[in-house]
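Step one of this worksheet: look at the structure below.
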Amino acid sequence: MSTTDATAHVTVKSPGQMQELGRRLAPLLRPGDLVLLTGELGAGKTTLTRGLGEALGVRGDVTSPTFVIARVHPSLTGGPALVHVDAYRLGGGLDEMEDLDLDVSLPESVVVVEWGEGKVEELSEDRLHVVIGRAMGAAAPHPEEDVEDVREVTVTGVGSRWSGTELDGLLLA
């Protein structure tokens, strides 16, 4: 498995922009897509997923599935369901993930896995990996912006599904 040239780097300056990034990402997704979200606690993984859910037109509020491990949000628009998984408390790798039957959900859903790096890659050779990190040494561009909210987000398409996919539309104004 190799990383394709489908990569975008986005600076996100607020939770609202993180949600907007999710809304911009949603049109690129289709049934069967696996999205891995990597970032520390409070990085904005669930906020990004909330934007995805809005743009995909799914039922229910997208909230962190930490304690239930996985939530399924059916589509209200005839599109794919959103399966939102939090793998933080799962230490057994793919064995534990298989108990969730994600491989059954994957073909007809968009599956988003927080804390999935090193745990779910075997579900699909093709995936979108979103890494969210705090902007180190960044100064708020405007005094009213909080530097604590600034994130550097790298979106990378892995596998043939993402080969040649243009990710420039993710860039925020």
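What follows draws every value from the coordinates through simple rules; no lab data is involved. Quick caveat: nothing in here was measured; it's all calculated off a predicted structure. Cβ placement follows ideal geometry from the backbone for every residue including glycine, while neighbour counts extend to all protein chains displayed.
Classify region 1-78 as rounded, prolate or oblate, taking a ≥ b ≥ c as the square roots of the eigenvalues of its Cα gyration tensor: rounded when a/c is under 1.5, otherwise prolate if a/b is larger than b/c and oblate if not. Because its axes are fairly even, with a/c under 1.5, region 1-78 counts as rounded.
Other residues within the sphere of radius under 10 Å centred on the Cβ of residue 129, judged by their own Cβ, net out at -1 (K and R +1, D and E -1). The residues packed around residue 52, meaning those with a beta-carbon under 10 Å from its beta-carbon, carry a net charge of +2 if Lys and Arg are +1 and Asp and Glu are -1.
Counting Lys and Arg as +1 and Asp and Glu as -1, what is the net charge of the other residues whose Cβ lies under 10 Å from the Cβ of residue 86? Here the charged neighbours net out to +2.
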